[in-house]
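Step one of this worksheet: look at the structure below.
Values in this text are rule-based calculations from the coordinates and carry no lab data. Keep in mind that this is a model prediction, so the values were computed, not measured. Ideal geometry is used to build each Cβ from the backbone, glycine not excepted, and the neighbour counts take in all protein chains shown.
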Amino acid sequence: MRTTQITENLIQLTRTGFVNAYLVREDDGFTLVDTTLKGGAGELIAAARLAGGDIRRIALTHGHGDHVGSLDALEDALGVEVLMPETDARIHAGETPYEGRLKGSWPKIATVPDVRLRPGDMIGSLEVLASRGHTPGHVSFLDTRDRALIAGDAFSTLGGVSSAGKMNWRFPLVAFATWDRAKAHESARSLLARNPSLLAAGHGKVVKDPGAAMGKALR
Ligand SMILES: [Zn+2]
């Protein structure tokens, strides 16, 4: 696993070269955003300790397997609060709160989220932003201290900045796994409107001052 200090408050954790989780520093330790694929719990916990804190809670951008894969193992080890977008939590609970057909991987998970997130909720310094489209309940997190945007798969920066609403043939995985590309496109536009200072996506490197690149991805 690769650890990259992005800002004072944000650390990027990359597994298998292309799947990211993030540690967000708060007064009481870290919020872990996403958990990567299965098998990462030990490394994620160790990375937090090395960075000088413990993981205090786990916030998920969406329910896909490459984001919730290590959730059960982390919960076995830590037992911390888990926050998942409401609609994706309902999908994992066996409901069908959406139209059309789900895409991407939805592995069975044993962990039941403690909190079902809605847009406008706050998780420490993070504001929960609506960004459905990639999945029916996908959310993004905006750090209100510095406007860093943790966008999950609403955007990808692998093979260039692209939104989940548009096929990027250099890294097609995110668009292929997208439930509703039209909704994803609208969500990407609303995220750009929040004027982020950096773009931290589920796949790819962090992009600073991402406005122009995000705008280009939407055209
Ligand atoms: Zn995804």
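Descriptive notes on the structure:
- Net +/- balance of residues flanking GLY53 in space, Cβ distance below 14 Å, scoring K and R +1, D and E -1: -1
- Count Lys and Arg as plus one, Asp and Glu as minus one, and take only other residues whose Cβ is under 14 Å from that of THR111; the net charge is then -3.
- Burial ordering of ASP72, ASP27, ASP114, fewest other beta-carbon atoms within 10 Å first: ASP27, ASP114, ASP72
- Label positions at ILE6 and LYS205, each projected 7 Å from the Cα along the C-beta direction, are separated by 1.4 nm.
- Taking a ≥ b ≥ c as the square roots of the eigenvalues of the Cα gyration tensor, an a/c ratio of 1.5 or more together with a/b no larger than b/c marks region 72-219 as oblate.
- Loop-located GluC sites (Glu not before Pro) in region 49-100 whose Cβ has at most 15 other Cβ within 10 Å (DSSP): GLU95, GLU99
- Separation in nanometres of the label points that stand 7 Å from Cα toward Cβ, at ASP27 and ASP114: 1.8 nm
- In terms of other Cβ atoms within 10 Å, LEU142, LEU60 run from fewest to most in the order LEU142, LEU60.
- Sites SER105 and ALA77 - FRET efficiency at Förster radius 25 Å, r taken between beta-carbons, to 0.05: 0.65
- Burial order of peptide ranges 190-201, 115-126 (average beta-carbon count within 10 Å, highest first): 190-201, 115-126
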